[in-house]
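Okay, so here's the structure we're looking at.
The values are calculated or read from the model by the stated rules, or taken from the named source; none is laboratory data. Computed from a predicted model, the values in this text were never measured in an experiment. Methodologically, a virtual Cβ is constructed for each residue, glycine included, from the backbone with ideal geometry; neighbour enumeration extends over all protein chains shown. We work out accessible area using only protein heavy atoms, side chains counted, and drop any ligands, DNA or RNA first. Shrake-Rupley method; radii C 1.70, N 1.55, O 1.52, S 1.80 Å.
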Amino acid sequence: MKTKDLISESYSALTVNKVRTGLTMLGIVIGIGSVIAMVSVGQGAKNSIEASIQSIGSNLILISPGSTRGLGALVSSGRGSSQTLTLEDGHALDKQISFGHTTEMETSTRGQLIAKGKNTNTRVIGTIASYTTVRSLEIDTGAFISDEQDRTSAKVVVLGPTTRDDLFGVGSEAIGQTVRINGNTFRVIGITKSKGGSGFLNQDDVAFIPLTTAQHYLVGGSYLTTIAVQAASSDDMPSIQDEVNSILLQRHHINDALQADFTVQNQADIVATASTITGTFTTLLAAIASISLLVGGIGIMNMMLTTVTERTREIGLRKAIGAKRADISSQFLIEAVMLTFAGGALGVVLGWGISAVVSKFAGIAANVTISSVLLAFGVSAGIGIVFGYYPARRASLLNPIEALRFE
Amino acid sequence: MIECIAIKKTYVSGDMETPVLKGVSFTINDGEFVAIMGPSGSGKSTLMHILGALDTPTSGDYKLDGKSVAQLSDDELADVRKNKIGFVFQSFNLLSRTSVLRNVALPLVYAELPEDERDARAAAALKAVGMDESRFHHLSNQISGGQMQRVAIARALVNDPSLLLADEPTGNLDTRTGDIVLGTFQKLHESGRTIILITHEPYVAEHADRIITIKDGEIVSDTKNPHVRSIKI
Ligand SMILES: Nc1ncnc2c1ncn2[C@@H]1O[C@H](COP(=O)(O)OP(=O)(O)OP(=O)(O)O)[C@@H](O)[C@H]1O
Ligand SMILES: [Mg+2]
């Protein structure tokens, strides 16, 4: 049998029963589409959480008040917890740590910012000049808070791009303008570069003011919400962490480390904790995806098997008029391949479409990975080809009369 | 040449055995026109399937042109069916939801003829059995029973077989259309083809040269037809 005729026979066999072909393809499309979408959304979520963690700086040891564990320092910088860390603690650490390091101190709160009648509620961080180094923060226009401004409790503010957009309009020039924060007037001296993140992880919705200014006008007292120590070398991290613990325990007159009224975390701990969470998340999505793939696969199998009776008669007839076994096998193989590839291509488009929609509306950079496409495609194509081809192969071994009588 | 030597066919389902052919022997020479008659259930179709190399006997030997069919491989049998045999099924067995023309041209696909030649020969075969051209592109399930029968006959004729086997080919046809089919068979017979047809009707059998009658799986008579009824078309 000629190849051209073989393809034409397969094609017309598929178009002859449009409902059957359509339903089988639907199974493949849904199976492949859902797996691709699930895996890409899971991956996207994982990537964006990891990127957020990386963007807070590198080689960091974060000290927060209270004995909170877990992600407290990441999400809220220990805001609202106990008042056990002071400015003096921060200066003492900076002086006494014996390895190369930079220290940053901050007190953060939420504040109502008003400018020209517009207002926004955002995170206000009182901090010192070293913040930009420790937290890898870059300035877009203007300058960050200087040591001089901190010493004199200057009423100056550096805005994150989102806050600037909310108050002065998207992309507008805000340097030199004034902003009222909880009733005090501040002058805008700088705008930071975007750090990304979205929703509760949006790191651009923020305002920075000098630490002493924050303590005078916004929070009162000399308490800190976070001290961040950046090690010059990652090799020194464990030693610095030990020093931080002993210095603070001594300053707070605590003998038992388990009774500590502060929490010391290094970035690796935070990454590990977050990885556990995103890992669970990805596993869950993968489980759901496997179930969709299984259901899709069973759908494909069902469609292929329910048509066996009808197809067996067709095979009997084709053999009766002179078709060889190889003609039959090739035709059914080509049919199954056409079916799974057409369905597979549509499924990839569907999965890609869903991830694109999720990326757009959920703010997760869902990316379709080649491996998920190959996995989904491989499984569906495998099921389609095995269950499309195997019964046909078996039927082609019958003699024509047995095949024509098949019930 | 067809040689049947003590052919038996027994269907087994579970532990129930149904003997259908109980030792049938005969020889049909090339170019003969034979009618097989017999009551319903006597094993005519079963015999015909064996003659058409579509089914195998339980015991006995069937030789086609001197070669024992049981010795042939599956692919060799396919070649025999493709090149030598035209078969008209009692129940037509058309490819559903497929056009009349495509159904008739199907054997030529396996004979590897180019598409335009396939269509031309299929159209000629359909015209020979009196099918109207307006029906060529109808689907096989959108035509009448008699038309289906004629499509099945045209499909058997299309590869110009040297052996034509027809199981009740005129069962669904009126006398005039039946005569067209019988006339076509006689013309093929005159050009040297071997024709075996099954029928209930004595009128149809009278167009053949030889009449074999079977009953309960055994040949009860095998005679020459003294008065061949001839149709000229
Ligand atoms: N697959 C089968 N399994 C069991 N018995 C069968 C099978 N096929 C046919 N038979 C039996 O074989 C017998 C002969 O069947 P066959 O079709 O050859 O009859 P026939 O002479 O062609 O009859 P008709 O004139 O009605 O077409 C019947 O009694 C039938 O019950
Ligand atoms: Mg019969």
Order these peptides, A:171-177, B:177-183, by their mean beta-carbon neighbour count within 10 angstrom, highest first.
B:177-183, A:171-177
Taking a straight Cα-to-Cα line shorter than 19 Å from residue B:8, and setting aside same-chain lysines fewer than 8 residues away, one finds B:22, B:44, B:63, B:67, B:215
Percent antiparallel among DSSP beta bridges (both partners in the protein assembly as shown, rounded to 5)
70 percent
With a 1.4 Å probe, what is the total accessible area buried between chains A and B, in Å² rounded to the nearest 100?
2600 Å²
Relative contact order of chain B, pairs being alpha-carbon contacts under 8 Å that are 6 or more residues apart, as %
27 percent
In segment B:1-151 the accessible area split gives carbon plus sulfur, as whole percent at 1.4 Å, a share of 49 percent
Cα-based reach from residue A:360 at 23 Å (exclusive), listing lysines while leaving out same-chain residues under 8 positions away
A:46, A:193, A:195
Hey, what's the protein assembly as shown come to in accessible area per residue, 1.4 Å probe, Å²?
44 Å²
Sequence-separation-based contact order of chain A, relative, with Cα cut under 8 Å and 6+ spacing, percent:
30 percent
In segment A:313-343, what residues drop by 30 Å² or more of accessible area when the other protein chains are put back, versus the chain on its own? Use 1.4 Å, and skip ligands and nucleic acids.
A:317, A:318, A:319, A:320, A:321, A:322, A:324, A:325
What FRET efficiency would be calculated for the residue pair residue A:110, residue A:170, taking the C-beta separation as r and a Förster radius of 35 Å, to the nearest 0.05?
0.95
What's the angle, to the nearest 10 degrees (0 to 90), between helix A:308-320's Cα axis and the longest principal axis of chain A?
40 degrees
With the 8 Å Cα cutoff and a minimum separation of six or more residues, segment A:85-260 has a relative contact order in percent of 31 percent
Once you charge only the Cβ atoms, +1 for Lys and Arg and -1 for Asp and Glu, what is the size of the charge dipole of segment B:179-233 about its Cα centre, to the nearest 20 debye?
240 debye
Average other protein chain Cβ within 10 Å of Cβ, residues B:135-144:
0
Note down the magnitude of the dipole of chain B about its Cα centre, charges +1 on Lys and Arg C-beta and -1 on Asp and Glu C-beta and zero elsewhere, to the nearest 20 debye.
420 debye
Tell me what chain A gives for mean residue ellipticity at 222 nm when only DSSP H runs of n ≥ 4 count, each as -39,500 (n - 2.57), the sum divided by the residue total, rounded to 500 deg cm²/dmol.
-18000 deg cm²/dmol
Pop out the carbon and sulfur fraction of the accessible area of segment A:85-260 as a percent, whole number, probe 1.4 Å.
47 percent
Pop out a list of residues from segment A:1-47 that are at least 30 Å² less accessible with all the protein chains around than in their chain alone; 1.4 Å probe, no ligands or nucleic acids counted.
A:1, A:2, A:5, A:9, A:16
If you take the square roots of the eigenvalues of the alpha-carbon gyration tensor of the protein assembly as shown and sort them as a ≥ b ≥ c, do you get rounded (a/c under 1.5), prolate (a/b over b/c) or oblate?
prolate
